[in-house]
Amino acid sequence: MGRSLRIGSIRGVPIRLHWSFPLLVVLVILPTGGKTTARLFVDDLVWIAALFVCIVIHELSHSFVARHRGFAVRDIVLLPIGGVSEISGLPGAPADELAIAIAGPLASVALALILALVGYSTGAAMWPPGLFAGAIASRLMWANLLLAGFNLLPAIPMDGGRVLRALLARKRSDLRATALAVRIGRFMGLVMVLVGLRYDLWLCVIGLFVLVGAGGEKQAAVVRTAVGGLKVSDVMVLDPTTLEVSFPLSVVAPFLEASPGRVLPVVDHGRYVGLIAADRLPGPPGALLVADATDRAAPALTPGDPLYPVAVECFSASRRRAAAVLEDGRVVGVIYAPHLDAALRRATGSVGAPSIRH
Ligand SMILES: [Zn+2]
């Protein structure tokens, strides 16, 4: 998702700020028409910060439920229009998608209830509804209710659209359920753009986000169906040679250099630690050991992982050309990106294979 800046991490989930995020500050400040005083400027910044704390809590709820159900969470990206949780392997089973999608709006409703209690106990006026005037507890409460309600609109890729797809997929194939959810999502997106053009620029931007995102969901479902049951075990190279970490690099370097593109798994007393690649060797080997040239951040998959989306996302996220294949911590193979590409192209034919970003 374009360029973004890591601003921190919460319980292992990196939080990133998208490059377009500063636009939000400009767009919130500009409409005051030059009447901005330092005081108002600070008020606006505090308001945006408080709002985005609520959005991060909403996104973390998606992420934690996803992780609890065995999905890998890459990160949370904050955009001017809200947050996006990047989770590998979605949609998964309908029950998983439903639980992950509903977690965010439920968290926003819970936050609104807490803010209502805070408002009530401090005597703040919680009525009339408003985002830009009134006590901060009231403004934030209404913002969270708006966040929950808006996200529950049945417009895939928004939460409500995912809930809809999950419900539809209980009695239909993934492809049919997605196609139906996408049709409804596109209609909702179009309505948002048209209403937004008349009344509110943000709604227009979110409508465009839905229209583009819905198309992506459809394409992904078509590919998932075409690639069907293809797994890592179908394209991996079996029983690769492994190297012990304590091996002198000078002994293996000539062999590696003679086979460009090749990678070998590195083990420590049989336990996998990383990959060594012919094209990532650190200069002349000298007295270095295999351990010194091992890429310990290289990705690893299991033989049963689906090629799409799990293996594709794994390669895209790690930007490597090969991954180790492990079973119970033991190396059973290596999978190369070109083999994966070729298998996906064969399976998808005219549909068009998903691209791996290397
Ligand atoms: Zn959400």
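The values are calculated or read from the model by the stated rules, or taken from the named source; none is laboratory data. Predicted model only: the values in this text are computed from it and were never measured. Note that we place each Cβ from the backbone using ideal geometry, even for glycine, and neighbour counts take in every protein chain shown. For the accessible areas, the whole protein counts, side chains as well, though only heavy atoms, and no ligand, DNA or RNA atoms are used. Shrake-Rupley method; radii C 1.70, N 1.55, O 1.52, S 1.80 Å.
Please find, among Leu60, Leu79, Leu51, Leu45, the residue that is more than 16 Å from the ligand (Cβ to nearest atom) and of a type outside the set (S, T, N, Q).
Every option except Leu45 fails the conditions.
Got a number for residues in region 35-90 being in contact with a helix residue (DSSP H, G or I) (Cβ under 7 Å, 6 or more places away or on another chain) and hydroxyl-bearing (Ser, Thr, Tyr)?
Number satisfying all stated conditions: 4.
Taking the conditions exactly as written (in contact with a helix residue (DSSP H, G or I) (Cβ under 6 Å, 6 or more places away or on another chain), open to solvent by less than 20 Å² (accessible area, probe 1.4 Å) and modelled with pLDDT of 85 or more), does Val13 satisfy them or not?
So Val13 fits the description; yes.
Listed residues Val77, Val56, Val109, Val118; which is out of contact with any Asp or Glu (no Cβ under 6 Å at 6 or more places or on another chain) and assigned to a strand (DSSP E or B)?
Only one candidate qualifies: Val77.
Mind checking which helices (runs of 4 or more DSSP H) fall wholly inside region 215-331 and carry at least 2 residues that are open to solvent by 40 Å² or more (accessible area, probe 1.4 Å) and at pLDDT 90 or above?
Fully inside region 215-331 and qualifying: 232-235.
Name every residue in region 332-341 that is open to solvent by less than 30 Å² (accessible area, probe 1.4 Å), in contact with a helix residue (DSSP H, G or I) (Cβ under 9 Å, 6 or more places away or on another chain) and either part of a strand (DSSP E or B) or touching a residue at least 60 places away in the same chain (Cβ under 8 Å) (or both), in order of residue number.
Listed by number, the residues that qualify are Val332, Gly333, Ile335, Leu340.
I'd like the full set of residues that are assigned to a strand (DSSP E or B) and open to solvent by 20 Å² or more (accessible area, probe 1.4 Å), limited to region 84-95.
Val84, Ser85, Glu86
For the list (1) touching a Phe, Trp or Tyr at 6+ places or on another chain (Cβ under 9 Å); (2) closer than 16 Å to Val331 by Cβ; (3) of a type in the set (A, V, I, L, M, F, W, C), I need the number of the one condition that Ala298 fails.
Exception for Ala298: condition (1).
Pairs under 9 Å by beta carbon, first residue closer than 21 Å to Ala337 by Cα and assigned by TED's automatic domain parsing to the domain that holds Leu288 in region 239-266, partner part of a loop (DSSP other than H, G, I, E, B) and of a type in the set (Gly, Ala, Ser), six or more apart or different chains?
From residues that are closer than 21 Å to Ala337 by Cα and assigned by TED's automatic domain parsing to the domain that holds Leu288, the pairs are Thr242/Gly270; Val263/Ala298; Pro265/Ala298.
Inside region 128-172, can you point out the residues that are open to solvent by 20 Å² or more (accessible area, probe 1.4 Å), within 12 Å of the ligand (Cβ to nearest atom) and assigned to a loop (DSSP other than H, G, I, E, B)?
Correct list: Leu152, Leu153, Pro157.
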